[in-house]
Structures are given as C-alpha cells and as structure tokens.
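S.K.: This is the structure, below, for whatever I ask next.
The values are calculated or read from the model by the stated rules, or taken from the named source; none is laboratory data. Bear in mind that the values here come from a model prediction, so they are computed numbers and not experimental data. Using ideal geometry, Cβ is built from the backbone for each residue, glycine included, and neighbour counts are taken over all protein chains shown.
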C-alpha cells in the first residue's frame with residue numbers, strides 16, 4: 001500500500017471513528033437492515049482493535065505486551081458485545 005509522503009495513515013481511521021461516535025446508527029444506509037449493519041460495523045471494530053497491536057509495534061519499532069494484551073482483550077469484548085446485542089451470524 002502506497003502512502004503519500006508526509007501523511008498520517010492512521011488519521012483516516014480516527015476520522016471514521018469520530019463519525020461513528022458522532023452519528024452511530026444514523027450512518028446506516030437506508031437500504032440496509034440496521035441490525036445487520038450494526039453487526040458488520042461491530043465486527044470491523046473488533047478487527048480494528050486486534051490490529052492496533054501490530055500497528056503500534058510497527059510504528060514504534062518495539063513490541064509491547066501490554067498493548068498486545070489490551071488490543072486482543074478489546075477485540076474480544078467488542079465481538080462479545082456484538083454477539084449479545086445484535087446477534088451472531090455469518091457476515092462473510
């Protein structure tokens with residue numbers, strides 16, 4: 001993946017999360033079921049949490065076990081919340 005020189009690739013993730021924080025389910029397209037959409041978004045958020053560990057390690061140049069454990073735990077909690085609140089189903 002090519003990143004434009006001088007840019008911060010994490011900024012796009014921050015912007016997207018700010019949108020979700022401000023607007024939540026209002027961002028659901030009108031042609032989609034809100035429960036399905038929420039489940040898909042929560043699944044992606046769980047994946048983002050799990051990816052934070054690798055991103056932090058690659059950017060900092062050092063592995064941090066606390067970050068690793070925290071990102072894994074957050075991903076697990078988000079996935080469990082999704083399963084409880086919107087129901088688990090295969091969204092592949």
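S.K.: Filtering the range 40-58 down to residues that are touching a residue at least 24 places away in the same chain (Cβ under 8 Å) and more than 18 Å from residue 24 (Cβ to Cβ), which residue is surrounded by the most Cβ atoms within 10 Å (Cβ to Cβ)? Explain how you work it out, then say what you get.
M.R.: Initially, the range 40-58 is screened for residues touching a residue at least 24 places away in the same chain (Cβ under 8 Å), giving 40, 42-43, 45-50, 55.
Subsequent filtering for residues that are more than 18 Å from residue 24 (Cβ to Cβ) retains 47, 50, 55.
Details: 47: 12, 50: 18, 55: 15.
Here the residue is 50.
S.K.: To continue, here is another question. In this structure, does residue 13 turn out to be modelled with pLDDT of 95 or more and either surrounded by 13 or more Cβ atoms within 10 Å (Cβ to Cβ) or in a helix (DSSP H, G or I) (or both)?
M.R.: Values: modelled with pLDDT of 95 or more: no; either surrounded by 13 or more Cβ atoms within 10 Å (Cβ to Cβ) or in a helix (DSSP H, G or I) (or both): yes.
Considered against the rule, which asks whether it is modelled with pLDDT of 95 or more and either surrounded by 13 or more Cβ atoms within 10 Å (Cβ to Cβ) or in a helix (DSSP H, G or I) (or both), residue 13 comes out as no.
S.K.: Take residue 87 and decide whether it is touching a residue at least 24 places away in the same chain (Cβ under 8 Å), farther than 19 Å from residue 17 by Cβ and surrounded by fewer than 17 Cβ atoms within 10 Å (Cβ to Cβ). Before the answer, list the steps.
M.R.: Details: touching a residue at least 24 places away in the same chain (Cβ under 8 Å): yes; farther than 19 Å from residue 17 by Cβ: yes; surrounded by fewer than 17 Cβ atoms within 10 Å (Cβ to Cβ): yes.
In short, yes.
S.K.: Quick one: count up the residues across the range 28-39 that are more than 11 Å from residue 81 (Cβ to Cβ), crowded, with 16+ Cβ neighbours inside 10 Å and in contact (Cβ under 8 Å) with a residue 40 or more places away in the chain.
M.R.: Result for the range 28-39: 0.
S.K.: Which condition number does residue 26 fail, the rest of (1) touching a helix residue (DSSP H, G or I) at 6+ places or on another chain (Cβ under 9 Å); (2) more than 17 Å from residue 52 (Cβ to Cβ); (3) not in a loop (DSSP other than H, G, I, E, B) being met?
M.R.: Among (1) touching a helix residue (DSSP H, G or I) at 6+ places or on another chain (Cβ under 9 Å); (2) more than 17 Å from residue 52 (Cβ to Cβ); (3) not in a loop (DSSP other than H, G, I, E, B), residue 26 violates only (1).
S.K.: A further question follows. Test of understanding: among 79, 49, which residue is closer than 26 Å to residue 11 by Cβ and under 10 Å from the mean Cα position of the chain (by Cα)? Talk me through it step by step, then tell me what you get.
M.R.: On the way: 79 fails: under 10 Å from the mean Cα position of the chain (by Cα).
None of the other options fit; the residue is 49.
S.K.: In the range 60-84, which residues are at negative phi, at pLDDT 95 or above and exposed (fewer than 11 other Cβ atoms within 10 Å of the Cβ)?
M.R.: Result: 60, 62, 65, 66.
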